[in-house]
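Working notes for the structure below.
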Amino acid sequence: MASLRDLGLSEYEARAYRSLLRTGATTAKELSRASDVPMGRIYDVLNSLEQHNLVRSQAASRPKKYVAVEPDTALDRLLENKRRELREKASQYESVVDELTEELEAAEPVQSQFWTAAVGADESMELLVERLAAADDSLVVVAGSVSPQFDLGVVGDQVAEELEAALDRGVDVSVLMAPELVDSLPSSVGDRYLDRLADHPDFAVRTAPDLSGTFELIDDVEVCIEVPNPLDPAEAFAMIDLKDPEFAGDVREMFDPTWEAAEPLSLGTGEE
């Protein structure tokens, strides 16, 4: 059940305010009896309610009398107080995150080696999106075939969204696809490409025949690789993420000549 305490009032403050609504203008002594707030606390409680702009006092009267503001006004003021507190808290948390980001990134090993794997469509997609979002400098996406593991419409939209976010962070993005894959992309991906990606100076997409495998090269130190099922190569099985600068360098050396020989994508842009 909702309570005035949910909006920041103490139990005594809530009792006093509700009692004032019933009694109308009254003295502190009378309010203490009506609300069961001890006389030794009633003035502190009334002062606090005045600071919240929930009661008004009649200072000219002797003894001094108090009256509650209308419920709608009181609740709006309490709500605004809570909103202000939340904004201040959010700002504090953002400052903490900024400070911790600098601290933790400074402590991260630059040349560390690490690998992890995800099995199954949902887990693999979650890992892929996480690693795309981690790119700071460069991102290479190579798609040699349509993955049977994923719903291409869902994955295409999610990957395109992550590529757009990477560009917003200042990441250089290169996408290399098999020509047959272009025709399989959902219209939503094509629309996003034309509207938001195609003209971006840090984005390029090309096509090349005979591509094998699907992988992402992240910041030239990390490779995310789609793994086929060993019992059925036509079926995707898992995603492996390998952070190894030496291996990533080898992948880059193999990628660059293929990229140079590839054809720029034409997707209804009028360009060749």
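No value in this document is a laboratory result; all are computed from the given coordinates. Since the model is a prediction, treat every value here as computed from it, not as a measurement. Cβ placement follows ideal geometry from the backbone for every residue including glycine, while neighbour counts extend to all protein chains displayed.
Restricting to bridges with both residues inside the chain, how much of the DSSP beta-bridge set is antiparallel, in percent to the nearest 5?
Working: 31 of 42 bridges.
Expressed as a percentage, antiparallel bridges in the chain total about 75.
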Any aspartates and glutamates with Cα under 19 Å of the Lys82 Cα? List them, leaving off those in the same chain fewer than 8 positions away.
Asp6, Glu11, Glu13, Glu50, Glu70, Asp72, Glu94
The chain, Gaussian network, Cα under 10 Å: of Thr116, Thr27, Thr258, the residue fluctuating most is Thr27
Here the Cα Rg-to-2.2 N^0.38 Å ratio for the chain is 1.69
Cα-centre dipole for the chain with unit charges at Cβ (Lys and Arg positive, Asp and Glu negative), debye to 20:
4020 debye
The local net charge around Arg56, scoring Lys/Arg +1 and Asp/Glu -1 for residues other than Arg56 whose Cβ lies under 12 Å from its Cβ, equals 0
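Expressed in nm², what is the orientationally averaged projection area of the convex hull enclosing the Cα positions of region 1-108? Mind dumping the intermediate values first?
Values: hull surface 38.5 nm².
Computed as one quarter of the Cα hull surface, the answer is 9.6 nm².
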Lysines whose Cα lies under 21 Å from that of Lys29, excluding same-chain neighbours fewer than 8 positions away
Lys64, Lys65
Taking Cα atoms, the helix 152-168 axis meets the longest principal axis of the chain at an angle in degrees (rounded to 10) of 70 degrees
